[in-house]
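Down below is the structure, laid out as structure tokens.
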Amino acid sequence: MIAKKMVKFVEGSSVTRAMFEEGKKMAAEVGAENVYDFSLGNPSVEPPKQVKEAIIRTLEEDAPNFVHGYMNNSGYEEVRERIAQSLNSRFDTHFSQKNIVMTVGAAGGLNVALKSLLDPGDEVIAFAPYFGEYNNYVANFDGVMVVVPADVPSFQLDLDSFAAKITPKTKAVIVNNPNNPTGVVYSEETIKKLAAVLEEKQKEFGTAIYLIADEPYRELAYDGVSVPYLPKYYANTIVGYSYSKSLSLPGERIGYLVIPDEVDDFENVICAANVANRILGFVNAPSLLQLAVSKCLDATTDVAAYDANRRLLYDALTGYGFECAKPEGAFYLWVKAKEDDAAFVAKAKEFHILMVPGSAFMCPGYVRIAYCVDHEMIKRSLPAFEKLAKCYE
Ligand code: PLP
């Protein structure tokens, strides 16, 4: 018999993944070209060619025992140093290798951070709508998830509700910018206000409240919008970064945590993260990928391809009368459902459109459309979206 605690994880197994499987089944029935699958955030853009070259160069030039062996649980020192220096030149920070912990993607990084910080019953705040996996990650360590309701229709952060939700048990706050699922980018002004609330509450309760910046979409911002770097606004910030989306490497499982010197109880937090990486069973982030990404830190994905998808879909859908949040980052469009979100998703399926209900992101009444897909598929899907809109006229 499986563990009682595991039963609820299995029952609540990812809606997004289920939809993805359903898409494959539908494609077998009606032909792949007639299915418009917008369910999963799997990058459609190829990894930059520098990544392949760096992998090959690593295999050819570095000693096999070095490439494939164990290393410090936080990762190769030289990889961490290169990443630290690259961040310093981008954000005018002062990190060194000791501030970087290489992780198994952002998911690995978030689990390492939460394992390092949470005692059972500690509260973690997230702003709806958010990546539903946060609930599971927090439950992994018997934390309690506290949800700040969505700020409709801007989908920025509702900081008054946030302030009211902070208690002496609040240990961490997760902010994901640019945001999955809304595509919204939180502005510098919003982040400054968020930091002020956190500073005030730390003082009021005499506690340390860690801000966890979940940043797999940092490089995906459009129209010249800038994404604030959170450690610059709030000292007690841990950043979780990932190459899954920025270099289109989600299956390779590579990312890192930044734990700045200014973080409360820095020495212990950095040691805890190192040990957590090991005892969660990751041991260390994949060695070949650590070395490869460190050799192409300036490589960038083809943001223009996602931008073209974003424009096409946003213009078409708003033209058909759908209400969408202003998409400035990531590769998701957040659309108001024309009825209950589950019913709306079911109706869309009749036209072979697959998308994810907002309930999966703690925000019913909306749907998420992932536009990290083939541009031609979006073009083919538009008549289906138009028919869907007509059902509600
Ligand atoms: N955080 C957010 C907001 C995400 O959307 C995802 C993946 O889709 C992750 C974390 C996990 O990313 P990774 O593949 O780096 O583990």
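Each value in this text was obtained by applying a stated rule to the coordinates, not by laboratory testing. Only a predicted model underlies this, so the values are computations on that prediction, with no experimental measurement involved. Reconstructed Cβ throughout: ideal geometry from the backbone, glycine too, with neighbour counts over all protein chains shown.
Observations on the structure shown:
- The chymotrypsin sites (Phe, Trp or Tyr not before Pro) of region 1-109 that DSSP puts in a loop, and whose beta carbon has at most 10 other beta carbons within 10 Å, are Y70.
- The label point for T167 and the one for S13, both projected 7 Å from the Cα toward the Cβ, are 3.3 nm apart.
- The calculated 222 nm mean residue ellipticity attributable to helices in the chain amounts to -13500 deg cm²/dmol, summing -39500 (n - 2.57) over DSSP H runs of n ≥ 4 and dividing by all residues.
- Residue pairs exceeding 20 angstrom between C-alpha atoms, taken from K24/K338; K349/K379; K201/K326; K349/K390; K349/K387: K24/K338; K201/K326.
- Of R82, R311, the sequence from fewest to most neighbouring Cβ atoms within 10 angstrom is R311, R82.
- Sorting the segments 173-186, 252-265 by their residues' average number of neighbouring beta-carbon atoms within 10 angstrom, most packed first, yields 173-186, 252-265.
- Excluding same-chain neighbours fewer than eight residues apart, the lysines reachable from K4 by a Cα-Cα span under 24 Å are K115.
- Placing a pseudo-label 7 Å from each Cα along the Cα-to-Cβ vector at E46 and D92 gives an inter-label distance of 3.8 nm.
- Other residues with beta-carbon under 13 Å from the beta-carbon of V303 carry, at +1 per Lys or Arg and -1 per Asp or Glu, a net charge of -1.
- Net length gained if the chain between L59 and T300 were fully extended (0.36 nm per residue, minus Cα distance): 84.6 nm
- For Y210, residues with placed amide H under 5 Å, excluding near neighbours: A172, V173
- Dipole in debye (nearest 20) - the chain, about Cα centre, beta carbon charges: Lys, Arg +1; Asp, Glu -1: 600 debye
- Remark on V144: its backbone amide H falls under 5 Å from those of G121, D122, E123, V124, a criterion applied only to residues 5 or more positions apart or on other chains, H modelled at 1.01 Å from N.
- Considering only A150, A208, A343, the Gaussian network model of the chain with Cα springs below 10 Å gives its largest mean-square fluctuation to A343.
- Phi-derived couplings, Karplus 6.51 cos²θ - 1.76 cosθ + 1.60 at θ = phi - 60°, listed residue by residue for region 229-238: 8, 4, x, 6, 10, 8, 4, 8, 10, 10 Hz, with x used for Gly and Pro.
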